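The values are calculated or read from the model by the stated rules, or taken from the named source; none is laboratory data. None of these values were measured; they are calculated from a predicted model. Please note: Cβ atoms are built from the backbone with ideal geometry, for glycine as well, and neighbour counts cover all protein chains shown. To get the accessible areas, we keep the full protein, side chains included, count just its heavy atoms, and leave off ligands, DNA and RNA. Shrake-Rupley method; radii C 1.70, N 1.55, O 1.52, S 1.80 Å.
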Amino acid sequence: MISVESLHVEFGVKPLFTDACFVVNNRDRIALVGKNGAGKSTLLKILCGMQQPTSGRVNIPNDTTIGYLPQVMVLQDDTTVRQEAQKAFADVAKMKERVERLNQQLADRTDYESASYMELVEKFTQAHERYMMMGAEGCEAELERTLIGLGFQRTDFDRPTSEFSGGWRMRIELAKILLQKPDVLLLDEPTNHLDIESIQWLEQLLAQSASAVVLVSHDRAFINNVSNRTLEISCGHIIDYKVKYDDYVVLRKERREQQQRAYENQQKEIADMKAFIERFRYQATKAVQVQQKVKQLEKIVPIEVDEVDNAAMHLKFPPCLRSGDYPVICEDVAKSYGDHRVFADVNLTIKRGEKVAFVGKNGEGKSTLVKCIMGEIPYDGQLKVGHNIQIGYFAQNQAQLLDESLTVLQTIDHVAKGEVRLRINDILGAFMFGGENGDKKVKVLSGGERSRLAMIRLLLEPVNLLILDEPTNHLDMASKDVLKEAIKAFDGTAIVVSHDREFLDGLVSKVYEFGGGRVKEHLGGIYDFLQSRKISELNELGYATAKGEKPSAPLSSASASAPATPGAQSYADHKNQQRQIRKAEKAVEASEQKINDMEQRLKKLDRLLMNPEHASDIELVTEYTSIKKALDEEVERWEQLSEELEQLSN
């Protein structure tokens, strides 16, 4: 569908990537990966024609349609949500008008036997068939399904788009692109504007879509569930892996190890040849051999080893002052905007050193409660911030609040105070802004680079309560891992608002679920929370509420600390059971793999022994007998392991 030939892109002296060649085929699900600033967004712009390469060609058939969702775009505010989404069906509306016009012409005429009338009938038939093929009759139903899937309520359809935040308006743009059903979807960080439920819905939609998809996302679970192919931009090259993201990570490591071994062997061979030439260069009896070695040396094609981009963010939160035992206590906290109640009866207690997550659909009040804790907005009830608390706050739009006219160095210099000013260059280097990068203007930075710059501001003063609202938006995989480890090692308390399942996994020990005007506490990590709700994915949150069932009452701090009921399972026991289940599952999988390997080997031996040449081969017969015995034993072991797993699961 799209063919890229010898693509070369330069910004200034250093090329972004060179000699890129690849093809986007039907039903490809391509994950475009690489560090921040590698050129992922630039490549998407080139594919959709918004930007021209320095050299090379992008071949797109004339009848191929492309839908492109950028990270940031200018949005219109003069329509309702429904009217804006209906713009996706502009071609359908034009076709409908044409069908109605032709139909009216047929009704007005009476010369049924004339050639011109028959020609008009033919035009009407063709137009009507095309109109029906466009799925025109189901447009409205499809529009509603898409908007609801992206998190809108039916009551939102007729609200002006100006009433929604930038993230929700970006969802409308995404809905328009999906409704147009282009041949190729180019999505640049679509999950930045979605909550976990909508991400799961989009995963399923893209998996079933007939369109080819090229997407940039730093949500590891999302791209792994969607992709069947990975394009890596690394050190100026584009490398094509025909596998999904998780498999690509393994193959990339294996590829470089193989290249490294081949390179080392070749270097040893070259060294041996040079040593032979130097040793016997002046001996007449070895002249022929020396000349042969010289010719062989000239013919050797050097093996190249893929460069590894070792640039990584080094993040460590500075030591913090000891805070009170309970940094945040909420008692019957409520917040409303006019007649709209965001939440009520919120009772929660966050202890010193805890790492907790706020999860739930967008608009359920996660960021609102954060603003209440920050003291930015009024609320009802009692909210106590503990003794000696120093808050560090990273907002969703932190990166967009930076002054674009300043350089990276100036941005930090304006907020640095005291002795920190002497360490500005070291801090910038730790965040991959070393050397000339400090002189870059903020306006030329990528989304990930801006997020890193905003994160630096958070580190300039020591804090003991971190509140991070979607901190992983725009961060690449490596930077997210570094941030996660830094938060885990942080001495203080952390509240993380995030829809990134992989980021939260292993980071938080408590989850607060926002939904239906309530906030409910769940002990354990993000996947413990999912299991406690007897759901497999976060897109099932709020299902009971959607069906009209009464939401669960919120857990108070008292009930959270009360002893467990006799029939309940303690948190420690639950965690231990989960470890045992995971261990049992791995044992079953390993046993199944052994059985499969032995069965495959037996099939090969069967084919060999059926050949008269090998029928009396003692070694093959002995191997067949030993594998058959081992297979029987492994099957018995698998049955035992499966029974143990079933008992643990029940």
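Condition (residue is over 26 Å from the mean Cα position of the chain (by Cα) and surrounded by fewer than 20 Cβ atoms within 10 Å (Cβ to Cβ)) applied to the range 163-181: is it met by at least one residue?
Filtering the range 163-181 down to residues over 26 Å from the mean Cα position of the chain (by Cα) leaves 163.
Checking the rest, the ones that are also surrounded by fewer than 20 Cβ atoms within 10 Å (Cβ to Cβ) come to 163.
Scanning the range 163-181, I find at least one residue that is over 26 Å from the mean Cα position of the chain (by Cα) and surrounded by fewer than 20 Cβ atoms within 10 Å (Cβ to Cβ), so the answer is yes.
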Subset of the range 110-127 [open to solvent by less than 70 Å² (accessible area, probe 1.4 Å) and in a helix (DSSP H, G or I)]: Ser116, Tyr117, Leu120, Val121, Phe124, Thr125, Ala127
Search result, residues across the range 315-341 that are of a type in the set (A, V, I, L, M) and either open to solvent by 10 Å² or more (accessible area, probe 1.4 Å) or on the phi > 0 side of the Ramachandran plot (or both): Leu315, Leu321, Ile329, Ala334
Starting from residues that are open to solvent by 10 Å² or more (accessible area, probe 1.4 Å) and part of a helix (DSSP H, G or I), keep the ones in the range 493-532 and report whichever is nearest to Leu150 (Cα to Cα). Glu502
Scanning the range 467-501 residue by residue, the ones that are aliphatic (A, V, I, L, M), within 16 Å of Ala357 (Cα to Cα) and in contact with a helix residue (DSSP H, G or I) (Cβ under 9 Å, 6 or more places away or on another chain) total 7
Residue ranges of strands (runs of 3 or more DSSP E) in the range 314-426 with at least 1 members of a type outside the set (A, V, I, L, M, F, W, C) and modelled with pLDDT under 90: 328-337, 340-350, 355-360, 391-394
So which residues in the range 140-161 are surrounded by fewer than 17 Cβ atoms within 10 Å (Cβ to Cβ), of a type in the set (Ser, Thr, Tyr) and within 28 Å of the chain's Cα centre (by Cα)? none
Failed item, numbered, when Asp481 is tested on (1) of a type outside the set (S, T, N, Q); (2) open to solvent by less than 60 Å² (accessible area, probe 1.4 Å); (3) at pLDDT 70 or above: (2)
Quick one: would you say Val463 is at pLDDT 75 or above and open to solvent by less than 70 Å² (accessible area, probe 1.4 Å)? yes
What number of residues within the range 593-643 are open to solvent by less than 70 Å² (accessible area, probe 1.4 Å), polar (S, T, N, Q) and outside any helix (DSSP H, G or I)? 1
Residue ID - modelled with the lowest pLDDT, chosen from residues in the range 427-448 that are within 23 Å of Phe490 (Cα to Cα) and open to solvent by 10 Å² or more (accessible area, probe 1.4 Å): Ala430
Residue check: is Glu113 farther than 30 Å from Asp505 by Cα and in contact with a Leu (Cβ under 8 Å, 6 or more places away or on another chain)? no
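Would you mind listing the strands (runs of 3 or more DSSP E) fully within the range 1-106 where at least 1 residues are more than 29 Å from Ala210 (Cβ to Cβ) and open to solvent by less than 30 Å² (accessible area, probe 1.4 Å)?
Strands (runs of 3 or more DSSP E) meeting the threshold: 2-10, 15-24.
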Would you say Arg457 is charged (D, E, K, R) and surrounded by fewer than 20 Cβ atoms within 10 Å (Cβ to Cβ)? yes
Hey, could you check the range 360-392 for residues that are of a type in the set (Val, Ile, Thr) and open to solvent by 30 Å² or more (accessible area, probe 1.4 Å) and say which is nearest to the chain's Cα centre (by Cα)? Ile391
Would it be correct to say that Ser41 is touching a Cys at 6+ places or on another chain (Cβ under 9 Å) and in contact (Cβ under 8 Å) with a residue 40 or more places away in the chain? no
